[in-house]
Amino acid sequence: MLTLRDLAADLGVRLVAGEPGTGRAVRWVHISELADPTPWLSGGELLLTTGMALERPEDQRAYVARLAEAGLSGLGFGTGFAHDEVPPALVAAAEAAGFPLFEIPYDLPFIAVTEKASSHIVNAHYAVLQRALSAHERLERLVLGEHGLDGVAAALSELVAGTASIHDARGELLAGTEPEGVGEELRDRIRAGARRGFAPGGALALPVARTPPANGHAPAPQAWLVAARAGGPLSELDRLTLHQAVTVVALELLRRRVAHDTERRLAGDVISALLSGELEGPELARRLQPFGLRDRIEVMVLAPSRTLRDPVEEALSSALEDEARGGMAATVGALTCVVLAAGAEEDFAFAERLRARVSTEVGTVLPAGAGRAVAPGDARRSFHEARCALEARALSGANGSAPPPLLATYRDLGSFQLLLSLQDDDALRLFCDSLLAPIEEGEGHYGGELMRSLEAFIECNGQWEKAARRLYCHRHTLRYRIRRVEELTGRSLDSARDRIEFWLALRGRELTR
């Protein structure tokens, strides 16, 4: 920053009035002989004049008042032209206003003043730019070195000699230390739809947008960067550094998103292969190792609506990361599956904690089912127990009994655990065939449609409209199919017992394939 005091010392010119104001910064130097040049000035300039239009004392006093009110840094008065010396009325007015007034002697051309000031200002801007570029490179290295948002926030705090924080789109703290008194204002502005930066007090809050503004409308920010200097306002360098840091924060968020999406796809592939029984031996251990899964695992399933599947999966992945416990989550078909590292005791407390946290984050109560702890090679067994427990919970709730637990486990299957325990035995296959074979064999190719209709009807808890929508057919068509199932099997789907046995047979058929 170039001050009037430094510029006067470099030029060797004499200050004649307004000494207290010589610490002001000089933004630029302007030359004018107009009686009122302020319409062409924006503040912070050092004005140079020979006073040709300032003959009368009252004009001189009014001139100083206009310059001071317009926010100029000071006035350099050239003597030896219209005036042999600086007019006394001008000096008195400048002294009274605390407005710096310098005498520019005849032998010092105005061009020398402008060149000296320009050189200082350009060099100062270049130095700021160099320091800002160095700061930007430092922040980029943190991103490339995968130090994360915490590393970026810590570096920014050091660079601005204060505090810096990064917030998500809702204003919740992601990294760093939130400047005092800024967080609530930020969240209030976000709730009001803020999309542009603002300066609360001496701090600065900048939006981190996903894409550049289009059609004049700023996009909804994906994050916010907030910083404040300790004990004073942010400097020009601080502000430039923060504006550059917005790009760095966006890069880190993009890196995190790409890594997260890649991990989700990998988790989906591993869970699908795990539940199908395709993985075994050393290959199974190798695929599970990146997720911290080794000796014993548990499977938990949730059945969120289609619009909630991605948010639920993301919330589960985030929760697993925060808990620092092995596990992975992915959506397989209509179910969101979580494979967890089993604890020392099979109390399902960790699964319930995950279920409760995700329900809170997505804003709706999500029931879940959990299977018992098994060796990784038996993951299908834990999955089917979890799925059956979740569906049994829905069936028991539909029958008007006491409210079932939000986390259903294999223990909630009651006596039907015996059937599930026969998953590799001919007895389970015989049980399934005794119920389902008449449907599959009695109608030939149409038997497949009857089976799908039966399963949809049971999973929708006997709700005709809902089941018909799932099957993309008219409810009257569904009613015909269900009547045909009852005719072929001699069972009644009005009976809770028959519905549960059909449901167990359908689940058991999956286990025996």
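The residue of the stretch 388-419 that is modelled with the highest pLDDT, among those that are open to solvent by 40 Å² or more (accessible area, probe 1.4 Å) and not in a helix (DSSP H, G or I), is L406. Among the residues of the stretch 341-378, those identified as farther than 25 Å from P311 by Cβ and either within 23 Å of the chain's Cα centre (by Cα) or assigned to a helix (DSSP H, G or I) (or both) are P376, G377, D378. Among the residues making up the stretch 58-81, a single one is touching a Leu at 6+ places or on another chain (Cβ under 7 Å) and more than 26 Å from G12 (Cα to Cα): A70. Inspect all residues belonging to the stretch 425-436 and state whether any of them is small (G, A, S), modelled with pLDDT under 80 and open to solvent by 30 Å² or more (accessible area, probe 1.4 Å). For the stretch 425-436, residues small (G, A, S), modelled with pLDDT under 80 and open to solvent by 30 Å² or more (accessible area, probe 1.4 Å): present.
Here is a yes/no grid of residues against (1) open to solvent by less than 20 Å² (accessible area, probe 1.4 Å); (2) acidic (D, E):
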position	(1), (2)
D295	no, yes
A315	yes, no
E323	no, yes
M328	yes, no
V332	no, no
C337	yes, no
F350	yes, no
E361	no, yes
A386	yes, no
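Applying the criterion of being small (G, A, S) and buried (at least 19 other Cβ atoms within 10 Å of the Cβ) to the residues of the stretch 363-384, the residue that is farthest from D295 (Cα to Cα) is A368. Exactly one residue out of V128, V160, V182, V152 is at pLDDT below 85, in contact with a Lys or Arg (Cβ under 7 Å, 6 or more places away or on another chain) and surrounded by 12 or more Cβ atoms within 10 Å (Cβ to Cβ), and it is V160.
Please work out which residue is most open to solvent (accessible area, probe 1.4 Å), limiting yourself to the stretch 185-203 and to residues that are assigned to a loop (DSSP other than H, G, I, E, B) and over 17 Å from Q244 (Cα atoms). Lay out the reasoning, then the answer.
Of the stretch 185-203, the ones assigned to a loop (DSSP other than H, G, I, E, B) are 192-197, 199-203.
Narrowing the set further to residues that are over 17 Å from Q244 (Cα atoms) leaves 192-195, 200-202.
Working: A192: 87, G193: 48, A194: 28, R195: 114, P200: 14, G201: 76, G202: 38 Å².
Filtering the stretch 185-203 for residues that are assigned to a loop (DSSP other than H, G, I, E, B) and over 17 Å from Q244 (Cα atoms), the one most open to solvent (accessible area, probe 1.4 Å) comes out as R195.
Tallying residues that are open to solvent by 80 Å² or more (accessible area, probe 1.4 Å) and among the charged types (D, E, K, R) within the stretch 272-290 yields 3.
A quick yes/no check of all residues on (1) open to solvent by less than 40 Å² (accessible area, probe 1.4 Å); (2) hydrophobic (A, V, I, L, M, F, W, C); (3) more than 22 Å from F350 (Cβ to Cβ):
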{"site": "Q222", "(1), (2), (3)": "no, no, yes"}
{"site": "D238", "(1), (2), (3)": "yes, no, yes"}
{"site": "H243", "(1), (2), (3)": "no, no, yes"}
{"site": "A259", "(1), (2), (3)": "no, yes, yes"}
{"site": "T262", "(1), (2), (3)": "no, no, yes"}
{"site": "V270", "(1), (2), (3)": "yes, yes, no"}
{"site": "G292", "(1), (2), (3)": "yes, no, no"}
{"site": "A303", "(1), (2), (3)": "no, yes, no"}
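Evaluating E321 against the criteria (1) part of a helix (DSSP H, G or I); (2) touching a helix residue (DSSP H, G or I) at 6+ places or on another chain (Cβ under 8 Å); (3) not basic (K, R) leaves one unmet condition, (2). Somewhere in the stretch 300-319, is a residue in contact with a Leu (Cβ under 8 Å, 6 or more places away or on another chain) and at pLDDT below 85? Yes - at least one qualifying residue is present in the stretch 300-319.
Just so you know, in the stretch 460-500 the residues that are among the acidic types (D, E) and closer than 17 Å to L435 by Cα include one that is most open to solvent (accessible area, probe 1.4 Å), and it is D494. In the stretch 477-495, the residues that are within 16 Å of N461 (Cβ to Cβ) form Cβ pairs under 8 Å with partners that are modelled with pLDDT under 85 and outside any helix (DSSP H, G or I), at six or more places apart or across chains, as follows: L493/G462.
The values are calculated or read from the model by the stated rules, or taken from the named source; none is laboratory data. Just so it is clear, the model here is predicted, and its values are computed rather than measured. Here Cβ is always computed from backbone atoms with ideal geometry, including for glycine, and neighbour counts include all displayed protein chains. Keep in mind that these areas ignore ligands, DNA and RNA; they rest on the heavy atoms of the full protein, side chains included. Shrake-Rupley method; radii C 1.70, N 1.55, O 1.52, S 1.80 Å.
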